[in-house]
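The structure appears right after this line, and notes come after that.
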Amino acid sequence: MISNSNLNTMNLFQLILKFKNYPIGKSSHLLASIRQMDAKSFEEEKEIKKWCQFNYLVQNNVFYRSFIKSHLGGEFPKQWNDIPIITKKDIQKPLELILTSGFDNKSLFKNSTSGSTGNPFFFAKDKFSHAMTWALIMDRYGWHGIEYGKSLQARFYGIPLGGYKYYVETLKDLISSRVRFPVFDLSDKVLDSYIEVFKKKRFVYINGYAASLVFFAGHCIKRGIILKDFCPSLKVCIPTSETCTDEDREILQKGFGIKVVNEYGCAEMDVIAFEDEDGDWITSDENVFIEVVDDENKPLSNGLTGKILLTTLYNKAIPLIRYEVGDIGSLSTFKKGNFNILQNLSGRTNDFAIMPNGRKVPALTFYYVTKTLIKEHLAVKEFIIKQTSLNVFVVEYVSEMEFDNEIKEIIQVAFDKYLEPNLIVNFLKLDKIERGKTGKFKQFISLIK
């Protein structure tokens with residue numbers, strides 16, 4: 001039963017969560033109590049919770065028990081690092097095969113994600129853990145003066161183009177106080193129409209795929225405008241789902257005239273890190289235990305870059321214990337209060353090009369190879385780099401004009417400098433770069449099998 005006082009403090013979004021049996025009040029209270037712990041109690045609580053999660057899943061999840069047995073035999077892990085790492089490939093199975101005993105549709109939040117691989121991954125969260133995720137999101141957004149579910153959001157995402165799912169997303173937008181700007185068509189005419197919407201509505205923040213937001217901000221710069229001048233209520237831009245570099249941040253701030261706040265998360269897990277007012281990427285240590293390991297899965301000290309492992313501290317529906325999310329990054333050697341700081345996020349483990357000499361090059365390298373040029377030539381709207389063989393790359397780009405030999409030579413020199421000499425770089429001008437069903441956009445794709 002919801003009291004009148006709770007009704008007065010809850011917005012529509014929170015009320016819907018409550019009516020769908022997500023215990024948002026309980027989770028918000030628990031989150032607040034965790035944040036008030038002293039450093040010693042906070043660390044002890046994390047240690048207890050991660051082991052409780054492991055023990056519960058070994059006892060109640062048939063798949064995970066079999067997974068542990070296949071790796072450890074009859075041995076019980078003596079240390080946390082003895083627990084085998086689980087990957088998306090391990091649990092990319094029909095949901096009923098990885099679901100913990102005792103859960104049914106009424107007690108679960110279920111969803112799927114294709115991630116960057118295009119391969120569907122079906123996952124589930126028990127309702128309390130999903131409520132903890134929402135409690136954390138509302139807490140983090142509150143750092144920047146945003147009341148999630150009430151503050152009007154400009155949402156630059158994809159959307160199903162028809163059928164039942166279209167109406168579901170439209171209803172979600174209504175409940176969550178957001179206006180959706182589909183990112184499948186980012187032509188000048190469409191973007192000009194988006195600017196007109198900003199003139200009429202009191203948006204508080206912008207949220208969406210990083211590449212699409214940078215594209216829109218670049219359009220504002222090209223038009224000689226600052227978006228906040230037309231929409232003074234705007235406070236914050238929160239790019240998500242794709243890497244947002246320092247150069248991207250500059251373009252967003254210049255085109256929108258507002259603060260940029262980076263978040264990092266994955267749908268099957270949680271928000272993993274969120275920037276505070278100082279620009280520090282604060283990790284979600286209330287909900288997630290975060291580790292960084294090397295290529296041999298050995299723990300790395302803070303400050304060193306490696307594979308990121310995540311353990312949910314609440315979700316008992318599926319086994320996300322020492323889960324290799326596929327990202328590479330590092331934790332800072334410094335803390336902020338009780339919380340770790342995500343020092344860097346270098347990309348995904350599958351976002352690498354292989355050079356003819358065998359060297360692996362992170363996808364972000366290509367971004368830096370071309371970004372300065374593209375920033376100086378704003379006629380370039382979008383680009384994607386594809387590796388078609390070990391020594392051949394294709395730069396596909398959308399531009400008002402075709403690259404001349406001088407520009408091609410500049411890019412070729414950058415490839416030689418940052419990657420390896422004598423690589424073959426071809427160029428292909430397009431009217432439009434196709435996006436996936438969700439509207440996400442990758443700036444590097446390897447076509448090498």
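The values are calculated or read from the model by the stated rules, or taken from the named source; none is laboratory data. What you see is a predicted model; the values in this text were computed from it and never measured. Ideal geometry is used to build each Cβ from the backbone, glycine not excepted, and the neighbour counts take in all protein chains shown. Only protein heavy atoms, including side chains, enter the accessible area calculation; ligands, DNA and RNA are left aside. Shrake-Rupley method; radii C 1.70, N 1.55, O 1.52, S 1.80 Å.
Is it the case that some residue within the range 69-79 is without any contact (Cβ under 8 Å) to a residue 24 or more places away in the chain, within 22 Å of Phe128 (Cα to Cα) and not in a helix (DSSP H, G or I)? For the range 69-79, residues without any contact (Cβ under 8 Å) to a residue 24 or more places away in the chain, within 22 Å of Phe128 (Cα to Cα) and not in a helix (DSSP H, G or I): absent. Counted as qualifying within the range 315-394 are the strands (runs of 3 or more DSSP E) with 2 or more residues that are modelled with pLDDT under 85 and under 30 Å from Ile221 (Cα atoms), namely 339-348, 380-389.
Taken over the range 413-425, residues that are surrounded by fewer than 17 Cβ atoms within 10 Å (Cβ to Cβ), modelled with pLDDT of 85 or more and part of a helix (DSSP H, G or I) amount to 2.
The residue pairs whose first member lies in the range 14-42 and is under 16 Å from Tyr314 (Cβ atoms) and in contact (Cβ under 8 Å) with a residue 24 or more places away in the chain, whose second member is open to solvent by 70 Å² or more (accessible area, probe 1.4 Å) and assigned to a loop (DSSP other than H, G, I, E, B), and whose beta carbons are closer than 7 Å, counting only pairs six or more residues apart or on different chains, do not exist in this structure. Just for the range 257-291: of the residues that are closer than 21 Å to Leu191 by Cα and not in a strand (DSSP E or B), which one is least open to solvent (accessible area, probe 1.4 Å)? The selected residue is Ile258. Screening the candidates Lys110, Lys125 for the property of being basic (Lys, Arg), assigned to a strand (DSSP E or B) and either open to solvent by 40 Å² or more (accessible area, probe 1.4 Å) or at pLDDT below 90 (or both) yields one hit, Lys110. Looking across Ser116, Ser151, one residue alone is of a type in the set (Gly, Ala, Ser), touching a strand residue (DSSP E or B) at 6+ places or on another chain (Cβ under 9 Å), modelled with pLDDT under 90 and open to solvent by 10 Å² or more (accessible area, probe 1.4 Å). It is Ser116.
Just a yes or no: is a residue in the range 240-256 within 30 Å of Thr312 (Cα to Cα), without any contact (Cβ under 8 Å) to a residue 12 or more places away in the chain and surrounded by fewer than 18 Cβ atoms within 10 Å (Cβ to Cβ)? Yes; the residues of the range 240-256 include at least one that is within 30 Å of Thr312 (Cα to Cα), without any contact (Cβ under 8 Å) to a residue 12 or more places away in the chain and surrounded by fewer than 18 Cβ atoms within 10 Å (Cβ to Cβ).
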